[in-house]
Structure formats: structure tokens, C-alpha cells
1. Quick one: how many residues across region A:316-330 are small (Gly, Ala, Ser) and part of a helix (DSSP H, G or I)?
2. It is to be established whether one or more residues within region B:297-308 are in a strand (DSSP E or B), more than 22 Å from residue B:471 (Cα to Cα) and touching a residue at least 40 places away in the same chain (Cβ under 8 Å).
3. Please indicate, with yes or no, whether at least one residue in region A:533-547 is of a type in the set (A, V, I, L, M, F, W, C), open to solvent by less than 40 Å² (accessible area, probe 1.4 Å), part of a helix (DSSP H, G or I) and out of contact with any Leu (no Cβ under 8 Å at 6 or more places or on another chain).
4. Output the number of residues of region A:1-36 satisfying the condition of being of a type in the set (Val, Ile, Thr), farther than 18 Å from residue B:522 by Cα and touching a residue at least 40 places away in the same chain (Cβ under 8 Å).
5. Taking into account only those residues within region B:309-318 that are out of contact with any helix residue (DSSP H, G or I) (no Cβ under 8 Å at 6 or more places or on another chain) and either surrounded by fewer than 14 Cβ atoms within 10 Å (Cβ to Cβ) or in contact (Cβ under 8 Å) with a residue 24 or more places away in the chain (or both), which is farthest from residue B:404 (Cα to Cα)?
6. Is it the case, given these coordinates, that residue A:522 is closer than 30 Å to residue A:243 by Cβ, surrounded by 21 or more Cβ atoms within 10 Å (Cβ to Cβ) and either in contact with a Lys or Arg (Cβ under 8 Å, 6 or more places away or on another chain) or small (Gly, Ala, Ser) (or both)?
7. Could you list, ordered by first residue, the pairs with Cβ atoms under 6 Å in which the first is in region A:131-159 and closer than 26 Å to residue A:40 by Cα and more than 10 Å from chain B (Cβ to nearest Cβ) and the second is open to solvent by less than 10 Å² (accessible area, probe 1.4 Å) and modelled with pLDDT of 95 or more, at least 6 apart or interchain?
8. Residue B:164 versus (1) open to solvent by 10 Å² or more (accessible area, probe 1.4 Å); (2) acidic (Asp, Glu); (3) more than 7 Å from chain A (Cβ to nearest Cβ): which is the lone unmet condition?
Protein chains: 2
Amino acid sequence: MYRTHNNGALRAENINETVTLAGWVQKSRDKGFMIWVDLRDRYGITQLIFDEERTPKAVMDLAKTMGREFVIQVTGKVIERESKNPKMPTGDVELLVEKLEILNEAKTPPFTIEDATDGGEDLRMKYRYLDIRRNPVKEKLIFRHKVSIAVRNYLSEQGFIEVETPYLIKSTPEGARDFVVPSRMNEGQFYALPQSPQTFKQLLMVGGMDKYFQIVKCFRDEDLRADRQPEFTQIDCEMAFVEQEDILNIFEGLTKHLLKEVVGFEIESFPRMTYDEAMAKYGNDKPDIRFGMEFGELNAVAQHKDFNVFNSAELVVGIAVPGGASYTRKEIDKLIDWVKRPQVGALGMVYVKCNEDGSFKSSVDKFYDQEDLAKWAEATGAQPGDLICVLSGETSKTRAQLSALRMELATQLGLRKSDEFAPLWVVDFPLLEWDEETERYHAMHHPFTSPKPGQMELLDTKPGEVKANAYDLVLNGNEIGGGSIRIHDKEIQSKMFDYLGFTKEEAQAQFGFLMDAFQYGAPPHGGLAFGLDRLVAILGGQETIRDFIAFPKNNAGRDVMIDAPAKIDAAQLEELNLKITL
Amino acid sequence: MYRTHNNGALRAENINETVTLAGWVQKSRDKGFMIWVDLRDRYGITQLIFDEERTPKAVMDLAKTMGREFVIQVTGKVIERESKNPKMPTGDVELLVEKLEILNEAKTPPFTIEDATDGGEDLRMKYRYLDIRRNPVKEKLIFRHKVSIAVRNYLSEQGFIEVETPYLIKSTPEGARDFVVPSRMNEGQFYALPQSPQTFKQLLMVGGMDKYFQIVKCFRDEDLRADRQPEFTQIDCEMAFVEQEDILNIFEGLTKHLLKEVVGFEIESFPRMTYDEAMAKYGNDKPDIRFGMEFGELNAVAQHKDFNVFNSAELVVGIAVPGGASYTRKEIDKLIDWVKRPQVGALGMVYVKCNEDGSFKSSVDKFYDQEDLAKWAEATGAQPGDLICVLSGETSKTRAQLSALRMELATQLGLRKSDEFAPLWVVDFPLLEWDEETERYHAMHHPFTSPKPGQMELLDTKPGEVKANAYDLVLNGNEIGGGSIRIHDKEIQSKMFDYLGFTKEEAQAQFGFLMDAFQYGAPPHGGLAFGLDRLVAILGGQETIRDFIAFPKNNAGRDVMIDAPAKIDAAQLEELNLKITL
């Protein structure tokens, strides 16, 4: 046995016991006649003391050779600490060392293993195994485990069965590119890695599994943006004999359970909002509702005056920034520059200061009088002391720009509090979205999503207006889950593929197995998938997911530490029954 | 809401309630004026009754159109059943139907959805979603879920953290071939799919995670044998600051917990046996100890007589078959034919009948007298009434042959009871095994396994005798888990790679990241991995794993139902930055 206790265990009641500990040398203070060492493991830190008068000389000498991150084992007596440290759970005691064994030496680590390390991102990634020793990272990994096990136990208690679906599957592109895996046993053929277990979970519903879930890795061979991993983890769920309402209730229950269990946050019920409402009020289908600053549409009160910029715009829309009336000209110019950045893309910004005395001062005083501006204040909910920011132009672009500004201002104003949680259901998503590039409609969610009852007929006349039985769960401005009621009828599914531009042959070749299954008694069914990486990060009060992943990949899809992917040898290539020329 | 209750829920106390049910038509008996329907879902079966006198005519007419596996929704009143069925939990009641909706029609299924189906293996695989509706398959999938969640909760309570390791990794072949994944973003480079998370879990130990586990998919691109899947699931565990004893105790605890929780079988503690002992006593490193029939070595008592077959053999070894003295000549000839089959490969078999009167009758009476044979009986533990079967030849081949015979006889004698569980630790495995093909020693477990203390020196002189800190957990003659204490010292690991025939450059290129990590304070560590597929099957009382997998692959590695792998289109190939000629 390497230890009788871990380094977070010893308390005053252990005084006088002889114990054995093992761990890493966090730090060591050598006063010559006395050495204090902080011994660390996953569970905590215990102070060791080597004392010339009480510790054998050989042990004392050996102790002097230890550096940071040496792995050691010590045996000794627990004694009362002279200067207690109330901040440490083990702060009442220390270990007077009698025996010491150095289990492994350590080179000086390339950065300090401290909560506030001196290591930069790249270095910490390269030595991820050292980074994981640091409390902030270690605790995030433990937090992720807690979330996962809470999810599993909750769903299990609700009658869900975790079923493993295959990883080596047939390529059925769902929007992103598939990673492919050449099959040595089937010449010239490839498996794909699943972008999600979508079709398999639907088959499980046809198979009567009734309530399915799985915490499962999914894969997308996409160009990587920051904070998006080519492999990611999904909480994948599906239920039979359900309507949208049943699904929202079950997964609202799960999310409330997680908020309560893992972050101690209680909430009665989640608000709901249609997609159209979310777009009109927040310019965004995943609004952060931890704070207000709702959009006020100004077309009715700002158009038909002499200001041509607004008159020619499809949408004039503003938000009220709390306390913004006190912004200096320089601060406002900075905001204007911000919205004009190419990433945001506005051509300019009109503003109105709502003075404390009830008067208004705007950048367009030439065109609008006090009475006009009062109407703007009303529409945006601006109070005396606020600043109204107004953008205009084509509807969807303007909404996106103002939404970006709203989020930026909220961040600046400290309104996006990491210990506050504002979940929201966004429902009634459009079934289709127009794709400029291919000049046709695509499934907004995926081709298995069912239109709302009675809307199938609109497909031919007003496709853009067809609403789907699709919903997203939004938390603090992030989509953490999304799902839909699926099509369970072969004819409707076939018609949907047809509408999405699949030929009969393509649809049959790619999804024939599913449509065939629908002929043997498919129940109505629907589901939802949570992105575990993001869910965990947001519950943990952060927006970046990388820290919650033990071995993340960088933006080029590479394991920095292990240097993967890599070239493979020619013999291995040849065996794949493929002629591959690099 | 599609239903107020599921089909396993209704009891006598629900009589007179109006309820709504949904599910599949299991079967329907139409007597004209009355129709009985068994309505099925995951939870059970409820009998529906449509009665001309009490059910609306339109509903009655619609009911007559329903076939097997139609998906329906019914509303009606729960009534007392005239002829109760005590075998069904819902057998006291039936539902008098007032409303009926056919939610989906069904073609006649290609095989009957009954516990004892008329569908053959191939057909059931092709329509796996129908097979899953059958109780025996459905229950196995639910059983698997129960095992998984019991594992997770037990390990979690013991302080283990489930950490997800990556699936797109660097190729580090561990014996089997890797599946590879071309990386579009890194020209000419490939990821590999993990054969196990071995190196990652060791890095987690270097990272101070202390106790890690993961239920994780692993991949081996091997020629498939029956009942071996190219993707399989592993319960992967690792612990720091442990010796072999600690690991055996923890995972004995886990296995006892599973036996108790999921199959209701209690056992005090698991016996232990060295590899050498297992080979000598059972000719097998994963002996089934649900029954005796231990090997008796006969060299001392059977050699140096006039029987040249034995005299020239390296090993003469026998087993006692309980009650085998009564076998007819024909039955014994059948056994001899069995051991001579090419799959077993013995040249012949000597037998001794131990008569009830204490006398012996053998096939080698010419060479051995009663006193000689009495010694054979003593060595094999044969009792009057038993049959001693004796094989001879080269040690390892003869052991394997007698082991095969032992298993075959035990199966014939009904000694391998599926509701009995006999776990066993096999310890002290050899570090290396000789490979005839490459004419060199290979790591028996993997190159990260540490030799037993003080045995490193033997490597150069008697490599075959070096014992490793490696152990297997055997259950009912199947290896369900295996592991080892790992090397945690860079120098020793480097020497091991050297010994295994890696050049310095190869070792550094493939495993440099791990050896580098060892330099920064690697703790002593070790672990174990269970094969979940096999564990679940054996706990479930079966030897075949396929039924416990929702979507298994066939022996050619193909998803029969979904027809994967498949050809991918040329454009997709081109994007992979590889020139691949099919």
C-alpha cells in the first residue's frame, strides 16, 4: 500500500497517528534545520515537516534533494500545526516525517503547477498532463464527470435506456462532412464516423425501445473555428409516443435537475418563445435573457420623416443601454466603430441620449424632434439616463448586427453573470432555410424533422413560412440542446427528401433503410440532443469548452501533445485495399 | 399526450378508469361480434376488447382492418377480465375500447415478433429494429444498460472520475491493426481510432487524476471471428499509487457488486491462481472453475514403462470424467474422434474406466497394471465410476487439447450452468511470449506492463521466465478483464521498447510523448480493463455477445441492416487531400 490517507484527509482528530502519504511536491521551503513541504494529490495538500532534531539525518539529507513535482512517499506522525491555516481543510495539522522514499524524480516543469500559472495556452496544451494537475483544470474535469453521471442517473430513473449505437456506420451526410474510415475487409468501401446517432435512435424507436438516451461521441470534419472540436460529445435522447410538449417537459426536468444538483441553482419553469419572437426581440435564435435590452422596432415612428437612411431601410430597430446617457462622445464613437467593424458590418449607428431631465439629445436631431424621440424611448423601453442605439437596413442583417451590439454592451456592463442561469425554450423553428450558395431550401434542423400539423401543404406555396415541430433549449445565450418531432411516415419522409432535392434513387440509397423501417409500424417519436461540452462549460460558468475536455484538439484538429494525426507507413496503407498516393 | 399509461401498468385498482394506451398490435382474435387485441409496448401487454354491443360501430369496423404490428392509440374503460391471466402483470383487467386511432400501418413483418420467433439469424439481423421488439432481445439491451449504470455508480462512489479520451488519435499499434481516418485538414496524414485509451489513461495518472474510468468504444481492424466485433466497448480503469493488491481488491469489489446487483449472486471472495498453476491445472489461462475435472500430471507414473507414446512425450496428462465409466465403446470412440478433429489436433486418447468395484479397465492394459492405473486415478482424482482421459505430447499443445476436451465434456455433462458464477483471478502472467512467426519475444499484455520487482535482470538471460505484474479476471471460463501495473520510469520503459525490438527512433516517434511525460513526476500506477460486451453476456447467462449489442456487425464487419461500409463519392474522396484510386 502506497498510502494510508490521501492528502486531503488529515484533521485534528488524526493527531498522534502514524500515517503514510504519497503525492507530488507542490513546494518546499528549506530553512536548513527545517524543511516544510506541501505534498499534493487530487484530494488536497498536506504540509510535511522535516526537522533536524526529530527527523533521521538520512531522511533530512534526502529531503534536500527533492525538487518541485517529485513524486514521494512519506511516513510519519501527524502533529498539531503551530501556525494553523484555516483556509486549508488539512490546515490544523502537519506530518512530521520519519521515512521518505522518492518514487520518481521530476524535471523542472515548463510552467508552475499553481492555480494562477505562468504558462501560456500553447505550453499548457503541449504539456496537458501537467496542466491537469492544476486545480482549475482538474476541477473542471471532475465537474464534467458530475454532470455526466447526474444526467445518466436522472434519465435512467425516468425510464430511459442507454443504448450504444455503432461508430463505424454508413455515410449519411447531415450537413457537415463525414470523417471516413477505409474498410480493409470490404475493398474500396468506407465507413463514416457518425455526426450523430440520429437514424439509429429512430430505428430504436421503431424497435419499441420507447425511451432512449446515450452520451456519445460525434464527429464532424468541419473547418474548425475556435472552441469547436472535430469530435464532440452529445447527450442524445429519443422518445416514442410523444408530442413536443412531452419532450419539453422531460428535458426541462433534466435541466432543472442539473442546475440544482451540480450548481445549486433553482428555477421554477423555463420561459418559452417562438423563433419569430426571439428574432424580433433579440435578433437571435438563442437569446441571452439574463438581462433585458430587448429590441424596439422603430419603423412606425422613425420612417416617413426626412431621414433617408431610415426611410429606405427594411428595418429600423434600437435597444436601450442602461445608464448609457452618460457615455462621452469618445465612448459613443468607440461603439460606432465597433458596429462598423467588418465582423459586425453595420454602416453606422444612430444614438439618442435620454437625459435625466426627460429631454433627448440624438445624432439625428436634424430630422427628429423631442416628441419623435420620446416615441423611440417608449418603443425601446429606454428610461432617463439610458442611451438608445439604433441600426437600420435589411431585416436579418440588421437584427444580427444589433444582437451583436447588445451582447457586447451586456458584457461591458457586466450583465452576463456566470453564476446566473437563464434557460429558455425557443420553439416553432422554420422547417426550411434558404441557402444562398445552392439557391435552394435546406432543412434547418435535419430532413427527419416533421412540419407542424397542417403545414405540409404550405411546402409548395410558401416554403419559407412552414414551421417545424422543432425546438432549441437555450441557456445564457447558448444553444445547449435542440430537437424535433420526427417524421414517422414513409410517404411524408419520401416527399421531404424529394422536396430537399434528393432524387428517388439518392433518397433510397442513403436513407432507404429508415424509410423501409417506417413501413413496419413506426410509432410517432421525437427527441432532443444536448451538446455536452457546451452544457458543461456553461453550467461551470464559462463559455470556452476546451478547459472541460481532457485532451482537446487545436484549431487545426491536431492533438498538440501527442502530435496526431500523423503519417502512417506504406505497408499499412497498402493493406487497406486502396491505392492511396500521398 | 399519446397515452395515460403504458401497457404494463394497469391493475385491478384501475378498474372503471378511462385511460388511453398506445402501442403495437401483438395479435388480434376476431370472433366477429368481439375482437381481442394484445397491445404491446416496451413495458408489457394489455388486452383490449372490442365488443359489438358496447363499442361504437365505426371503431369496431376500423378495428377489423388492423394487422399485426399496426401502431394504434385506444381510449376506453378498464374493466375486470372474465378469464384472468395470472401470468401477465396486467392479467386481471382488459380495456373496453371506445376510441381507436391507427397511428401507423404495418406491413406483415418478415418474422413473428414473439419470444420464440420463426425468423432465422440473418433475417433477424437484417430487420434488427423488428428483432429488438422481441422480449429476449429487448431485455438484453435493458440488461446491458443496467450493468453499465451499476458500473458507473459503483466506481463513481469509489472516487473514480469518468474522463473522456479522444477517438481521433495517433496510430500506436498495440498488436492489432488500427482503423485509420484520413485528415482533410492535415494533408497526407491519418488519425487512428483507439484500440484502447491506454496511453491517455496513463497520461491522466501522470496528471494526478488518481482514479480514472471510462466506458468507451475501442476499435480493432482484425479479421473477424464469430462473436468478435470490430468496435467493442471497454470499461477502462486506471489508478495511481497502487500495487497489484489494491487493484485486485477494487475490481473484485466492483465485480461482486455487479453479481449481486444485476444477477442476485453473492460470493465471499474470488480465488486466485498463478498463470503457471492455471496452465498446469486446467491447460488454460482462463479456466472455467464452475466444475472440477482438474488436470492430473502423469509423467511420473506413466512414463518409463513400455508404452513409447508416453515415454517420448514431454507431458502426459489426464482428467477424470465424473460417471464416465459407464460410457459405451461407441461413446468413447466418439470422444477419441472429437480430440482428433483438426480443430483440437490430438493424435489419440488413452482412457481408463474406473469401475465401481475399484478395478480399472484401460485402453493400455498391455502396458499398465492395476497398481499403475490406481496411481493415475490418484493423480487425476478419479473416483470409482469415473473415466480417465489421457493425452500426451508437447506440453503446451497437449494442455490446450485436454483443456478443449475438458470444456466439451463439461458442456455435455451440463456442468457449465448459466446461473452459476465462478470468478477467478489469474496472476503472475509472463511478461513476454515467443512469437513463432517473427521469431522473437513480444509483450504478452502490452509494452507498458512492468515486470515483477527484481525480474528486470532476467530479461537478458531467461526472458521467457520473467513474470509480469499482470492479472486477468476470469468468469466462467472467459477472460472478462485484464490489466497490469505499468512502468512509470522513462529508463525502464525505454529499455522495454529496446528489448521488444523498437529502435530508439521508433520508440521515440511512437511513444515519445509518454516517455517524456514520465520525466515530470509520474506516479506508480496500474489498471484494468473489462470487455463490457463479454461481461454483460456472461452476467446475462450467455456466451454470445451479439444479442447484447443493439446494432452488431456481421463477420465481414458489415452493418447488415444499413449496409455499411459503402462506397463514397468521388468529390468526397478528392477533398481528403489524398489521391485514392479504388
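The values are calculated or read from the model by the stated rules, or taken from the named source; none is laboratory data. Just so you know, these numbers come straight off a predicted model, no measurement behind them. Quick reminder, even Gly has a Cβ in these numbers, built from the backbone with ideal geometry, and neighbours come from all protein chains shown. We work out accessible area using only protein heavy atoms, side chains counted, and drop any ligands, DNA or RNA first. Shrake-Rupley method; radii C 1.70, N 1.55, O 1.52, S 1.80 Å.
1. 3
2. Among the residues of region B:297-308, at least one is in a strand (DSSP E or B), more than 22 Å from residue B:471 (Cα to Cα) and touching a residue at least 40 places away in the same chain (Cβ under 8 Å), which makes the answer yes.
3. yes
4. 4
5. B:312
6. Yes; evaluated as a whole, the condition is true for this residue.
7. A:140/A:548; A:147/A:536
8. Failed condition: (3).
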